[in-house]
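See structure below.
The values are calculated or read from the model by the stated rules, or taken from the named source; none is laboratory data. Since we're looking at a predicted model, the values are computed, not measured. Because the Cβ atoms are built from the backbone with ideal geometry, glycine has one as well, and the counts that use them run over all protein chains shown. With ligands, DNA and RNA removed, areas are computed over all heavy atoms of the protein, side chains included. Shrake-Rupley method; radii C 1.70, N 1.55, O 1.52, S 1.80 Å.
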Amino acid sequence: MSDSVKQDGTPQASSSTPTAAGADAPKAAKPAPAKPPNPVFRMMGLPNLPKRLPSRNWLIFWGVLLSFTGAKMYDTREKKKAQQKWCDLVAHVSQEKLDVRQMPRKLTVYLSAAPGDGMGSSRTYFKDYVKPILVAAAMDYEVIEGRKEGDVRYGTAEQIRRLRRKKGEQGTTEHEVDTAMAIDMMREQMMVQPVPGVKGDLVLGRHTWKEYIRGIHEGWLGPLDEPPEPVVEPSPIHPPTEPRTENPEATTTPEAAEKNLADQEKPPEEQKEEEKKNEEKKKTYPPPAYLSIREYSVAPLSPHIPTTLEPSEPIHMQHLLGFLKTPQRIYNWLNRRSLQDQIGRQTASIVLASHRPYQHDETCASPSQPDDAASLATKAPENDLADSFPIQTSATYEQQSLLVEEEPYWHKSVRKPAATDDKKERIWMSEIVLDPRIAERMRRFELDPEQEERVNRIAAGDESAKWAIPVQDLRQQKPVLGDPDQDSME
């Protein structure tokens, strides 16, 4: 029988008979097909992204990389904002009206090769942080460069000596008219005059600032002409001896004899030109200073010196070299925004031409206690970074303390002792010495409080750039042309 009967007599369904619930149950849903990978990723060789988190090492790698990249991108954006606000502050200067017979205001920029490095780093530094603000104000400038120690000192002094000659001061020798003097004479004949007002000097770096100060003193206190070289008198105990030969003609070679004959046959004008060329080759560049530091107090002041000298502004130059300073260099690389804000403030003060006298008291923190009446600084170690390098601790003039924090970070090659036969003046390692007659005439650029408030409003977006003349967009206007046939008939 197909049905089984329980002991109590109730029938029980057989297992082979299908139930109604099983017949009515829905069929199971099939899984959706996998989405094919992006063909672009497949062409680039990238596999499918995994469905699990990467390993610990990969998390550390990507976390450090993305954090570093984010920090640099943030710093770059903030640096551009800081630069733009200072450009907007001085943008109105570029649209000020100027007479056709007036030359625009021209600054003098002093650049020198960084200690232990070449000229390229200083030029790049100037183009990245200073030049954009000068361009925004349409400011003209002249650059005096120094590839080695002493070039800026000589360039500054020579510029002042040229100004003294132009005002009528005469020296012992007559100087030929150079290109700069010829251009000035042509402008005077055409009645082209510079814009009245201050011009200003921009000095980049502490090492350049030392040469600038030295050159100002040499230019206004020193002579116009190069002093003659001191004659070394022979010692009476050991007089100079010359080699004696029985036959002097035997010592000369045939080639030398032919050269002497050829020189004698040349006309005297060519002989003089060759002698001048030989003398110029023997001269060292830059030439030594016309005035030593010890002669400041007894040197006469030029009668054509103005009551106040052109204002100046030393700008900090951030330049580090060396493997051990890598952490500090990385921090500086990620913090360019603060450096741009500092340099932008100083450059804007130069453009806006607001200045004040340099301070003259003992509260100026910098060079050390005086050794004598002429020197105003002593040597005292400050910290471990200097490696027993003399740091100035107190000063009488503010000029001595400016940018003094740069000296401990200079390259060690600057501190090497000079050779015994080297007679060049080491301006970078010397302390700044000032003559009161020059120091009291110097001025420094400084931003007015009103301009500080205005730049804060520009940064907050409450005020836009101040334009002297509203800018008109002429790209949307179509040119108006007349009838060419009618113009030809007329």
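Using C-alpha pairs below 8 Å separated by at least 6 residues, the relative contact order for segment 99-207 is 49 percent. Rounded, prolate or oblate: which one fits segment 94-228, using the alpha carbon gyration tensor with axes a ≥ b ≥ c (rounded when a/c is under 1.5, else prolate when a/b beats b/c, else oblate)? Judged from the Cα gyration tensor, segment 94-228 comes out oblate (a/c at least 1.5, b/c at or above a/b).
A Förster radius of 60 Å, combined with the Cβ-Cβ distance separating Asp225 from Ser121, puts the computed FRET efficiency at roughly 0.95. Each pair of Cα atoms in segment 110-149 enters the Kirkwood radius, and Stokes-Einstein at 10 °C and 1.306 mPa s then converts it into a translational diffusion coefficient of 146 µm²/s.
In terms of distances greater than 19 angstrom between alpha carbons, the cross-link table entries Lys79/Lys127; Lys127/Lys325; Lys148/Lys416; Lys79/Lys325; Lys166/Lys210; Lys81/Lys131 yield Lys127/Lys325; Lys79/Lys325; Lys166/Lys210. Computed from the C-beta positions of Glu310 and Lys72, the FRET efficiency with R₀ = 35 Å rounds to 0.35. The amide H of Ile315, built 1.01 Å from its N in the peptide plane, has Val203, Leu204, Gly205 as neighbours under 5 Å, considering only residues 5 or more places off or on other chains.
Based on the mean of other Cβ atoms within 10 Å per residue, sort peptides 91-102, 310-321, 139-150 so the most packed one is first. Write out the running numbers ahead of the final one.
Numbers: 91-102: 12.7, 310-321: 19.8, 139-150: 17.0.
Order by mean packing, descending: 310-321, 139-150, 91-102.
Accessible surface for segment 127-200, divided over its residues, is 63 Å² per residue with a 1.4 Å probe. Where in segment 83-106 does the amide nitrogen come within less than 13 Å of the point 7 Å from the Cα of Arg457, taken along Cα to Cβ? In segment 83-106, the label zone of Arg457 (backbone N under 13 Å from the point 7 Å along Cα→Cβ) covers 89. Amide H contacts of Tyr141: Leu107, each under 5 Å away and 5 or more positions distant or on a separate chain (H built 1.01 Å from N in the peptide plane; Pro and chain starts excluded).
Applying 0.36 nm per residue to the separation of Glu145 and Lys325 and subtracting their alpha-carbon distance, the gain on full extension is 62.1 nm. Take the Cα of Glu405, step 7 Å toward its Cβ, do the same at Glu275, and the gap between the two points is 5.8 nm. Subtracting the Cα-Cα distance of Gln189 and Arg356 from 0.36 nm times their residue separation leaves 56.6 nm of extension gain. Sorting 432-439, 106-113, 213-220, 66-73 by their mean Cβ neighbour count within 10 Å, with the most densely packed peptide first, gives 213-220, 106-113, 432-439, 66-73.
For segment 65-128, carbon and sulfur atoms together expose 53% of the accessible surface, with a 1.4 angstrom probe and every protein chain in place.
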